[in-house]
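**Student:** Have a look at the structure that comes next, please.
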Amino acid sequence: MSELKPLVFSGVQPTGTLHLGNYLGALRRWVTLQKDYECFYCVVDMHALTVNPVPQQLMEYTREAAAMFLAVGIDARKHAIFNQSRVFQHAELAWIFNCVARIGWMNRMTQFKDKAGKEREKASLGLFAYPSLMAADILVYRATHVPVGEDQKQHIELARDIAKKFNKDYSRRIASLGLGVDMSVGDDIIAGFFPMVEPLIPEISMRVMSLRDGRKKMSKSDKSDFSRINISDTPDVLLRKIRKAKTDSKPLPDTEADLVDRPEANNLVGIYAALANIDKNTVLMEFCGKPFSIFKQILADLLVEKLIPVALELHRLKQDPDYIDSVLKEGAIRASAIAEKTMKQVRDIVGFLQG
Ligand code: TYM
């Protein structure tokens, strides 16, 4: 039996302008991973269809997300940047996974519950089956590592469950075709086809919260632009948003434990810590006893220092949509080659005639 090569896959939905949560939760890590791994970074336009976007806007946000990947520093000569719909194998594998995954598993997904709300019966089948397509995104490359924010953890666990069930359901066939790879399950080594993907979740700012409500996730879809920091915001917008960010009336405390019941304060300290690459206690050692007016000014300066170079590069790249399109097209060619190799084997495993 052989072993699977480590490979990174991750994606972003083109449903709005990318924000600080996307940056600290995912994109920043993507950049460091490209040094040691082969990476596939995907603008998941098929997922975006679950929220019925206007077609023109979907195209615009798809290009903008790809430009953002480049602006943060992903090297498109070495790694694939592409849009999901160009690699049809994602959809093909998703169908097979729809036949592996159980309705009960999907029913437990908190993101579906949040998004469907009380209108569950009226939600699209696409929204319900979303995690199955997400598992296919990752496993069609047999990716081993997935850098995401904490909000995606449940979906990655589901991808592992699907992989596990597929491996088990087809274990004999996988073995007889000689397609098994070494996999450790507990203390045992077994032959499986799909790997058990590892989510890579940052320790600090795994979940960046809204600037208006520290109990809600910062999100592209929040109606108020003042709830989030967009990576493309100008310095004065950044300053205004941080000044207006909700806080409480107390000064900063001296330990992280005292932030527990202060969600907004906790969020701002977390953002500072993540940007400065230090832990929250170190931030508090420096700022304890200071009022938020002072801390906010210093936080805004740090945001400007870290985000403005990215925003300027994004602005430059957006002037050249033909270049962005060529990156997406090239990336899709690269991704399709790997995805098709996996699918040829999967079709054999499940019993589809081909060739
Ligand atoms: P999406 O587009 O909502 O977010 C993209 C990435 O940003 C992270 N993120 C956050 N991290 C911290 N704090 C926040 N407030 C915050 N908001 C978003 C997300 O965790 C994610 O890593 N389902 C995915 C897209 C997807 C995907 C995949 C990801 C589709 N297929 C396969 C990985 C692998 C999503 O909606 O991400």
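The values are calculated or read from the model by the stated rules, or taken from the named source; none is laboratory data. As the structure is a prediction and not an experimental result, all values here were calculated from the model. Note that each Cβ is placed from the backbone with ideal geometry, even for glycine, and that neighbours are counted across all protein chains shown. When the accessible area is computed, the model is the full protein with side chains, heavy atoms only, and any ligands, DNA or RNA have been set aside. Shrake-Rupley method; radii C 1.70, N 1.55, O 1.52, S 1.80 Å.
**Student:** What does the charge add up to near Asp151, with Lys and Arg as +1, Asp and Glu as -1, over the other residues with Cβ less than 9 Å from its Cβ?
**Tutor:** +2
**Student:** Near Lys290, which lysines are there with a Cα under 27 Å away, not counting those fewer than 8 places off in the same chain?
**Tutor:** Correct list for Lys290: Lys216, Lys217, Lys241, Lys244, Lys246, Lys250, Lys280, Lys306.
**Student:** Antiparallel versus total DSSP beta bridges in the chain: what percent is that, nearest 5?
**Tutor:** So the antiparallel bridges in the chain amount to around 30 percent.
**Student:** Return the Rg/Rh ratio of region 144-187 with Cα-based radii and a Kirkwood Rh.
**Tutor:** Radius of gyration relative to Kirkwood radius: 1.07.
**Student:** Between rounded, prolate and oblate, where does region 244-283 land on the alpha carbon gyration tensor, with a ≥ b ≥ c its root eigenvalues, rounded for a/c under 1.5, else prolate if a/b exceeds b/c?
**Tutor:** In terms of gyration-tensor shape, oblate.
**Student:** Taking all pairs of different Cα atoms in region 90-230, averaging 1/r and flipping that mean, what Kirkwood radius in angstroms comes out?
**Tutor:** Final number for the Kirkwood radius of region 90-230 is 16.9 Å.
**Student:** Cβ under 12 Å from Met285's Cβ, Met285 left aside: what net charge do those residues give with Lys, Arg +1 and Asp, Glu -1?
**Tutor:** Result for the local shell: -2.
**Student:** Once the Cα atoms of helix 263-276 and of the chain are each reduced to a long axis, what angle between those two axes, in degrees from 0 to 90 to the nearest 10, is obtained?
**Tutor:** With both axes taken from Cα atoms, the answer is about 80 degrees.
**Student:** State, in angstrom, two size descriptors of region 170-305 derived from its alpha carbons: Rg to one decimal place and Dmax to the nearest whole number.
**Tutor:** 21.7, 68
**Student:** Can you give the alpha-carbon Rg of region 265-355 over 2.2 N^0.38 Å, where N counts its residues?
**Tutor:** Normalised by 2.2 N^0.38 Å, the Cα Rg of region 265-355 equals 1.94.
**Student:** Within region 229-244, what residues put their amide N at less than 13 Å from the label point 7 Å along the Cα-to-Cβ vector of His315?
**Tutor:** 232-238, by backbone N distance to the label point.
**Student:** Ok, one more. Please compute the per residue accessible area over region 210-355 with all protein chains in place, 1.4 Å probe, rounded to a whole number of Å².
**Tutor:** I get 53 Å² per residue for region 210-355.
**Student:** A further question follows. Determine the principal axes of the Cα atoms in region 1-46, then give the extent along each, sorted from largest to smallest and rounded to whole angstroms.
**Tutor:** 44, 25, 12
**Student:** At 0.36 nm per residue, and after removing the present C-alpha to C-alpha distance, how many nm does the segment from Ile190 to Val54 gain when stretched out fully?
**Tutor:** Extra length available between Ile190 and Val54 comes to 44.3 nm.
**Student:** For region 1-139, what is the convex hull (Cα atoms) projected area averaged across all directions, in square nanometres?
**Tutor:** About 10.1 nm², averaged over all directions.
**Student:** Please build a GNM for the chain, connecting alpha carbons under 10 Å apart, and tell me which residue among Thr144, Thr247, Thr282 fluctuates the most.
**Tutor:** Among Thr144, Thr247, Thr282, the largest mean-square fluctuation in the Gaussian network model of the chain belongs to Thr282.
**Student:** Here's another thing I want to ask about it. Roughly what angle does helix 89-98 make with the longest principal axis of the chain, taking Cα atoms, 0 to 90 degrees, to the nearest 10?
**Tutor:** 80 degrees
**Student:** Between rounded, prolate and oblate, where does region 102-162 land on the alpha carbon gyration tensor, with a ≥ b ≥ c its root eigenvalues, rounded for a/c under 1.5, else prolate if a/b exceeds b/c?
**Tutor:** The shape class here is prolate.
**Student:** Hey, any idea what % of the chain's accessible area is carbon plus sulfur with a 1.4 Å probe?
**Tutor:** 52 percent
**Student:** Now, a different point. Across bins of 20 angstrom width beginning at 0, how are the C-alpha pair distances of the chain distributed, in whole percent?
**Tutor:** With a bin width of 20 Å, the distribution comes to 28, 55, 17, 1.
**Student:** Next question, about the same structure. Give me the distance between the Cα centres of region 266-309 and region 68-140, rounded to whole Å.
**Tutor:** Rounded to whole Å, the Cα centres lie 34 Å apart.
**Student:** Now for a different question. Would you tally the net charge around Gln13, using a Cβ to Cβ cut-off of less than 13 Å, leaving Gln13 out, and scoring K and R as +1, D and E as -1?
**Tutor:** Computed value for this residue: -2.
**Student:** To the nearest 10 degrees, how steep is helix 292-318 against the longest Cα principal axis of the chain, on a 0 to 90 scale?
**Tutor:** 50 degrees
**Student:** Using 0.36 nm times the number of residues separating Arg108 and Lys216, minus their current alpha carbon distance, what extension gain do you get?
**Tutor:** 36.9 nm
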